[in-house]
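See structure below.
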Amino acid sequence: QVQLVESGGGLVQAGGSLRLSCAASGSIFSINAMGWYRQAPGKRRELVAVITSLGSTNYADSVKGRFTISRDNAKNTVYLQMNSLKPEDTAVYYCNARGGSSWWGQGTQVTVSS
């Protein structure tokens, strides 16, 4: 089992920045990739960004150039740096880890005011 704990959400004005963190514990050796998803009210959960164990990254078109995913292997932590935030980025952000199975964090709210 893998446990994921997110932090760093909050309220920010449009144009501002936030950094989300996701700390993994447990059977971390089984993780192949970690990523961030988000779900806005009334919408489906969508992929925001993912980073593999080899360091490859992928982003949703809507966040390219504004968000950056990174990881600190020593801390078993993945980060999502979010810049130039827009009201449409408002959502609950979930950390995900996968590797044979899929694990989710509890989610952290990000609210961007206009």
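What the table below lists for this structure:
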| quantity | calculated |
| --- | --- |
| Estimated distance in nm for a label pair at TRP104 and ILE28, the labels positioned 7 Å out from Cα along Cα-to-Cβ | 2.3 |
| Residue order for LYS86, LYS43 - accessible surface, 1.4 angstrom probe, largest first | LYS43, LYS86 |
| Most to least accessible of MET82, MET34 (protein chains only, probe 1.4 Å) | MET34, MET82 |
| Per-residue SASA entry for LEU80, accessible area with 1.4 Å probe, Å² rounded to 10 | 0 |
| Accessible surface of the chain, 1.4 Å probe, proportion on carbon and sulfur as whole % | 48 |
| Accessible area per residue in Å² at 1.4 Å probe, computed on the chain | 52 |
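The values are calculated or read from the model by the stated rules, or taken from the named source; none is laboratory data. Here the structure is a predicted model, which is why all the values come from computation and not from measurement. Methodologically, a virtual Cβ is constructed for each residue, glycine included, from the backbone with ideal geometry; neighbour enumeration extends over all protein chains shown. Note: areas computed on protein heavy atoms with side chains; ligands, DNA, RNA excluded. Shrake-Rupley method; radii C 1.70, N 1.55, O 1.52, S 1.80 Å.
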